[in-house]
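Worksheet: one structure, shown below.
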Amino acid sequence: MKFYLFNLIFKTSGLRIGGETDKKVLYFLKYDEMYVIPFSSWKGSFKRISEYVAKSMKIGSSDKHKDDRHEGYTDNEIEDILQSIKQKGDKIRGEEIESDKYPNLSSIFSPNNEYSVRDVEDKIREYIASIKCPIDGLYGSNFFASKLTFSDSVFHENGTFLTHVTIDRMKMKAYEEDKGGHLFDEEVLRPQKIELKIILRIPNENELKVWKNTLKFINTEGLQIGGGKSRGLGMLTLDKESTFDEIENFNKISYSIKDILK
């Protein structure tokens with residue numbers, strides 16, 4: 001049973017995480033006096049990359065992963081379970097739904113409720129597909145929590161304001177004022193470094209492969225987060241000072257991030 005603790009350090013030329021909007025000013029997200037990149041923004045950006053990585057690797061049910069579902073996925077295990085359930089009749093009580101291979105299968109049904117065969121089939125297919133999907137394993141699903149936990153990142157430095165004009169993308173010129181065009185200011189941060197802490201709990205082999213390749217992708221291509229992409233904002237690069245710890249049976253070994261990027 002292994003746990004991983006990551007301390008990732010990023011650098012950027014500038015970013016903006018959407019906060020309050022005051023007429024013609026777009027502010028960076030802020031709690032009290034601290035600027036914040038919330039964990040949800042980190043998780044969303046990492047998940048988009050992991051989805052791409054897992055699908056390209058064709059691991060488990062990941063090639064069917066779309067909008068956090070796996071429509072059309074099946075395999076021999078699923079068909080065997082469904083075949084045994086169909087033999088119980090048109091209506092099935094939750095407590096009758098069981099599988100030696102998946103002992104927690106009954107937990108997704110109410111034991112005293114009756115279900116149609118169709119409802120049982122759909123839920124079992126999605127449940128097992130979710131278990132076999134490394135994207136769901138890492139980031140969570142409707143059936144279980146994620147194995148990844150992301151921290152917030154906070155900053156105490158001052159932001160700067162940049163002035164822009166709204167653009168008509170069809171004509172590629174500024175909107176006229178009487179047609180809704182206007183100047184607006186955007187609050188941007190340029191921190192020397194951004195620290196992100198991540199916990200990865202007990203990943204299986206496929207989940208760990210996808211996670212490692214997610215970090216390799218970010219190391220090579222960077223990570224996009226926040227708004228202003230068209231204006232060159234939000235591109236982060238992974239710094240070589242990043243580290244991680246591997247914990248097994250209360251023993252901790254510390255590594256450079258380079259050790260997982262090999």
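The values are calculated or read from the model by the stated rules, or taken from the named source; none is laboratory data. Computed from a predicted structure; not experimentally measured. Virtual Cβ from ideal backbone geometry, glycine too; neighbours counted across all protein chains shown. Just so you know, the surface numbers come from the protein's heavy atoms only, side chains and all, with ligands and any DNA or RNA stripped out. Shrake-Rupley method; radii C 1.70, N 1.55, O 1.52, S 1.80 Å.
Length gained on full extension, residue 122 to residue 209: 28.5 nm, using 0.36 nm per residue less the C-alpha separation.
For the pairs 197/262; 64/101; 43/216; 2/262; 88/123; 123/212, note any where the Cα-Cα span goes beyond 25 Å. Working shown, then result.
Values: 197/262 21 Å; 64/101 22 Å; 43/216 17 Å; 2/262 19 Å; 88/123 17 Å; 123/212 30 Å.
From 197/262; 64/101; 43/216; 2/262; 88/123; 123/212, over 25 Å: 123/212.
Taking the solvent-accessible surface of protein heavy atoms with a 1.4 Å probe, what is the per residue accessible area of region 76-131 in Å²? Each step should come with its number before you reach the end.
Details: 3350 Å² over 56 residues.
With the other protein chains kept in place, region 76-131 gives 60 Å² per residue.
Rounded to the nearest 20, the Cβ-based charge dipole of region 76-131 about its Cα centre (Lys and Arg +1, Asp and Glu -1) stands at 100 debye. Distant-in-sequence amide contacts of residue 224, defined by a placed amide H-H separation under 5 Å and a gap of 5 or more residues or a different chain, comprise 236. Could you calculate the FRET efficiency of residue 113 with residue 64 from 1/(1 + (r/R0)^6), where r is the beta carbon distance between them and R0 is 22 Å, rounded to 0.05? E between residue 113 and residue 64, to the nearest 0.05, is 0.20.
Kirkwood hydrodynamic radius for the chain: how many Å is it when counted over pairs of different Cα atoms? Each step should come with its number before you reach the end.
Working: mean 1/r = 0.0465 Å⁻¹.
Result for the chain, one decimal place: 21.5 Å.
Of the chymotrypsin sites (Phe, Trp or Tyr not before Pro) found in region 218-262, those in coil by DSSP whose Cβ has at most 14 other Cβ atoms within 10 Å are 250. When only Cα pairs below 8 angstrom with a gap of at least 6 residues are kept, region 76-131 shows a relative contact order of 38 percent.
Within region 76-131, what whole-number % of the accessible surface is contributed by carbon and sulfur, with the 1.4 Å probe and all protein chains included in the calculation?
Working: 1240 of 3350 Å².
The nonpolar share, carbon plus sulfur, comes to 37 percent.
Ranked by solvent-accessible area (1.4 Å probe, protein heavy atoms only, all chains present), the residues 91, 86, 229 order from largest to smallest as 229, 91, 86. Counting heavy atoms of the protein chains alone, residue 185 has an accessible area of about 50 Å² for a 1.4 Å probe.
As a length-normalised measure over Cα pairs under 8 Å and 6 or more apart, the relative contact order of the chain settles at 35 percent.
Please report Rg over Rh for region 1-43, where both radii come from the alpha carbon positions and Rh follows the Kirkwood definition. Display every interim value, and only then the final one.
On the way: Rg = 14.5 Å, Rh = 13.0 Å.
Using Cα coordinates only, the ratio equals 1.12.
For the chain, what does the helix formula give at 222 nm: sum of -39500 (n - 2.57) over DSSP H segments with n ≥ 4, over the residue count, nearest 500 deg cm²/dmol? Walk me through the intermediate numbers first.
Working: 5 runs with 68 residues, N = 262.
So the helix-based figure for the chain works out to -8500 deg cm²/dmol.
Charges at C-beta only: +1 for Lys and Arg, -1 for Asp and Glu. How large is the resulting dipole of region 105-151 about its Cα centre, in Debye rounded to 20? Spell out each step's value before the answer.
Values: 5 positive and 6 negative charges, 41 e Å.
Charge dipole of region 105-151: 200 debye, to the nearest 20.
Only one residue of 155, 117, 106 has its Cα farthest out toward the positive end of the dipole of the chain, where Lys and Arg carry +1 and Asp and Glu -1 on Cβ, and that residue is 155.
State to the nearest 20 debye the size of the charge dipole of region 33-118 about its Cα centre, where the only charges are +1 on K and R beta carbons and -1 on D and E beta carbons.
320
Look at the dipole of region 10-59 built from charges on Cβ: of 54, 25, 12, the Cα furthest out on the positive end belongs to 54.
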